[in-house]
1. Using alpha carbon centroids, what distance separates the stretch 66-139 and the stretch 228-268, in Å?
2. What is the Cα centroid distance between the stretch 536-576 and the stretch 280-314, reported in whole angstrom?
3. Treat the stretch 387-536 as a sphere of radius equal to its Kirkwood radius over Cα pairs and apply Stokes-Einstein at 10 °C in a medium of 1.306 mPa s; give the translational diffusion coefficient in µm²/s, rounded to a whole number.
4. Tell me the relative contact order for the chain as a rounded percent, counting alpha carbon contacts under 8 Å between residues six or more apart.
5. At q = 0.13, 0.18, 0.19 Å⁻¹, what log₁₀ I(q)/I(0) does the stretch 1-112 have when each alpha carbon counts as one equal point scatterer in the Debye sum?
6. Give the long-range amide H neighbours of Lys421: residues separated by 5 or more places, or on another chain, with amide H under 5 Å away, using H modelled in the peptide plane at 1.01 Å from N.
7. For the stretch 404-414, just list the computed ³J(HN,Hα) in residue order, Karplus coefficients 6.51, -1.76 and 1.60, θ = phi - 60°, integers in Hz, with x standing in for Gly and Pro.
8. Would you kindly calculate the translational diffusion coefficient of the stretch 83-163, applying Stokes-Einstein with the Kirkwood radius from alpha carbon pairs, for 37 °C and a viscosity of 0.692 mPa s, and quote it in µm² s⁻¹ without decimals?
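Bear in mind these aren't lab numbers, they're just calculated from the coordinates by the rules spelled out. What you are looking at is a predicted structure, and each value in this text was computed from that prediction instead of being measured. Methodologically, a virtual Cβ is constructed for each residue, glycine included, from the backbone with ideal geometry; neighbour enumeration extends over all protein chains shown.
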Amino acid sequence: MLLQLHIKNVAVIDEVDISFEEGLNVLTGETGAGKSILIDAINMVLGGRISRDLIRSGEKKAVVEALYQFNTAVVGDLLETLGIKAEDDHTLVISREITTSGRSVCRVNGCMVNLSVLKDIGCLIVNIHGQHDNQALLQWENHIDFLDKYAGKQFLALKKEYRHMFEEVSSIKGQIRKMTGDERERERKIDLLKFQLEEINQAKLQRGEEEEIDRQRLLLGNAEKLMTVTSNAYDTLYAGTQAGVAVHDQLAEVLKSLGEVKQFDPKLEGYYIILEEVGYQLDELVHDLRDYRDQLEFDPDMLATLEQRMDLIYKLKRKYGSTIEEILAYRDRIQQEFEALSVSEETLKELGIRLEQYTKKLKSSAEALSRHRIEVAQNLQQKIMSELQDLDMAKTSFEVRIEKEYDQSGDYKFSQVGFDKVEFLISTNPGEPLKPLVKVASGGEMSRIMLAIKTVLADTDEVNTLIFDEIDMGVSGRAAQKIAEKLSLVAYQKQVLCITHLPQIASMADHHYLIEKNVIDDKSNTNVHKLSVQHRKKELARIIGGAVMTDLTLKNAEEMISIAEELKQTVKTMNN
């Protein structure tokens, strides 16, 4: 339900805030007061196409904000899909601003969204009738959903079962297609995967292998230098050199000297113990150095082998991954793909049997859905025709056309809803052929057609706010009264906003708003006011009598409101 509307700098509207209520909200005003601008503003915030000319003269941008409360799961699911947090009270704050440069900024609950997202949300919460966009009923692809919802919950349960079978058939076809596909392409793929698997497996790669090879290459490449350094170190520390006595022997002399005097001073005793420990460590170090030196050898063949191994690894890395871990992970993936492509004929045969079984069930279920749709369509068609007669469109023809769809081979073309294509067609004049709803040109006729359809589908349509513009064009008298009653009937279940010039419709209002334009300092400004009971009578008298208001027109207005209240009470009683 549309709760509040804030409009700023839109055409002749400087700034206005409007609070709407449940039921039938009627908006009236003199010609040129700005009623159509109000519809333009609502259309703007719902993602409709808008012109920069709509920005108020002298201003840089126009802004429209709407507070909407939803009660359908489909809106909540869409918001969740979009990552937009819904408030606990199920309210949406939708805003859109356009600038003189043509820039458009859209937000939903503070989240910036693009225009297509705004349109998707708008289509679920408000229908504007009298405009040729933003209406689900004007898109034939949606007609099958309207018909199916009208068919009732039992039909929707059958439709759900059908969809489950459709998904199963699609899954089996996908498996077969993936396993077989084009035979030549399949064989080529198998050969390629087999070659890649053999190439990787023959290499017998080990995780951490590169690091170990690098370490060995470093040692072998510097073996001579390592031999020289370790030999010199051994000689200096233990064997001695021509230049002097070995460190080991010098340390032994120092220990011997300290041993002779250590009893004279405790400090010398500490020094002796430390040097003695150094001597032990030196013996171990010298032993390790000798072993290290003796194990060193320069093996050109081993170095060449390591280089070849590294070249193989680099070659595999260029083809299958930047590391050995990635190469092995790739091997595991293609192993699964190779096994799937090399599946046995027995598995394919089993899938083929399952496909045949489910396809038969799918066809039987789709035929049942189609038969039921044809029966329901006749009933829906008659009810809408009856509603159109009440709305002074007795010469109008309406048809719910159902056609089966076929693929290129001549078999049924199954979709998630069956094999039916459903479209609402209409002819507003005798002798004219039936045409799609979208091709009906008259705004007034379109609004009445939509009103008739909405009256019949009121229980099934999840959109809870309907806006009717120009619905009173070219009608009067009895037809006008019927339109008013239909609006009241729909408004018992939906929130309805209606701009009208007819007293019959205005008298049926649950909430009446006056749109008026004033000129201040040579600048026009439109305001919207909710009318009290007394002011409502005056406005209705103005609609009845024109510029001159008399006691008679006031009395007539009072009587029309009284009769309307009785009719609304009747509608309320019938729906309880």
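1. Using only Cα atoms, the two centres lie 90 Å from each other.
2. 108 Å
3. 88 µm²/s
4. Relative contact order, the chain: 21 percent.
5. The calculated log intensity ratios at q = 0.13, 0.18, 0.19 Å⁻¹ are -0.53, -0.95, -1.03.
6. Under 5 Å from the amide H of Lys421 lie the amide H atoms of Glu403, Lys404, Glu405, each far enough along the sequence or on another chain.
7. Residue by residue, the stretch 404-414 yields 7, 9, 10, 8, 5, 7, x, 7, 4, 9, 7 Hz.
8. Rounded, D is 211 µm²/s.
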